[in-house]
Amino acid sequence: MNGQSKDSFDRLPEKLTALLRGPQHPEAEFLFSGRTFGEIFSMAGALQARFSLPDWKEKSICLSTKDRSLMAAAMLAAISCQGPHLIIPYSDSQTVLNEMGRQVPYDTALTDVPSHFPAGVSFIHLEPEEVSTLGLQQQRALNPDFPFLSLFTGGSTGRPKIWQKTIRNLFSEAFYLSEKF
């Protein structure tokens, strides 16, 4: 468990449910993005409405942004719906986005800079809604082993590599680090 306590590991479903309930302080700023926790949950709520649709469950969506609040909103929505599958490229260059599309086909990108994408890719542009979403409803029983995210890397040899992340392995580590530090 990489030094993680068994108690922390066993409490993962409980911690994820608490996380999806929404922020304790929605007005507080998230990192240094200028966005608040409430705004992140607002964006996550808008994404959840889309991600809950049957034709979105099995999609792969490119998540290409430097905006950490947009990344957080997408991850919250994806774990609450257990789909679609998010793919994060190591670069937003045309070469990388095309290669990633060959490895893991995608036809939708969640991005703040819609450039360099292959032809035929549609874009989701997201801004916080006026009506704040204070929490997210889980769409089904949480499966911590659901692979909701992949990291597309260049690899040390220059060959592309895809690293799948489950809800468990990404959030167990995050919760462990937040408790430790």
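Mind listing the long-range amide H neighbours of Leu136? Cut-off is under 5 Å, sequence gap 5 or more, other chains count too, H placed in the peptide plane at 1.01 Å from N.
Arg21, Gly22
Per DSSP H run of n ≥ 4, the term is -39500 (n - 2.57); total these for the chain, divide by its residue number, and report the mean residue ellipticity at 222 nm rounded to 500 deg cm²/dmol.
Rounded to the nearest 500, it is -11500 deg cm²/dmol.
If a/c stays under 1.5 just call it rounded; otherwise compare a/b with b/c (prolate if a/b is bigger, oblate if not). Do that for the range 1-96, with a ≥ b ≥ c from the square roots of the Cα gyration tensor eigenvalues.
rounded
At what distance in nm do the modelled label points of Leu151 and Val104 sit from each other, each positioned 7 Å from its Cα along Cα→Cβ?
Between Leu151 and Val104, the label points sit 1.2 nm apart.
Magnitude of the Cβ-charge dipole of the chain, K/R +1 and D/E -1, about the Cα centre, nearest 20 debye?
580 debye
Multiplying the sequence separation of Phe181 and Phe123 by 0.36 nm and subtracting their Cα-Cα distance, what value in nm do you get?
This chain segment gains 17.2 nm when fully extended.
Amide H to amide H under 5 Å from Leu86: which residues, 5+ apart in sequence or cross-chain, H placed 1.01 Å off N in plane?
Counting only residues 5 or more places away or on other chains, the set is Ile61, Leu149, Ser150.
Based on the Cβ-Cβ distance of Tyr90 and Asp112, what FRET efficiency does E = 1/(1 + (r/R0)^6) give at R0 = 22 Å, to the nearest 0.05?
0.80
Name the chymotrypsin sites (Phe, Trp or Tyr not before Pro) in the range 26-116 that are in a loop by DSSP and that have at most 15 other C-beta atoms within 10 Å, would you?
In loop regions of the range 26-116 (DSSP not H, G, I, E or B), the sparsely surrounded chymotrypsin sites (Phe, Trp or Tyr not before Pro) are Phe32, Tyr90.
Every number here is computed from the coordinates shown, using simple stated rules; none is lab data. Keep in mind that what you see is a predicted model, and the values were worked out from it rather than measured. Using ideal geometry, Cβ is built from the backbone for each residue, glycine included, and neighbour counts are taken over all protein chains shown.
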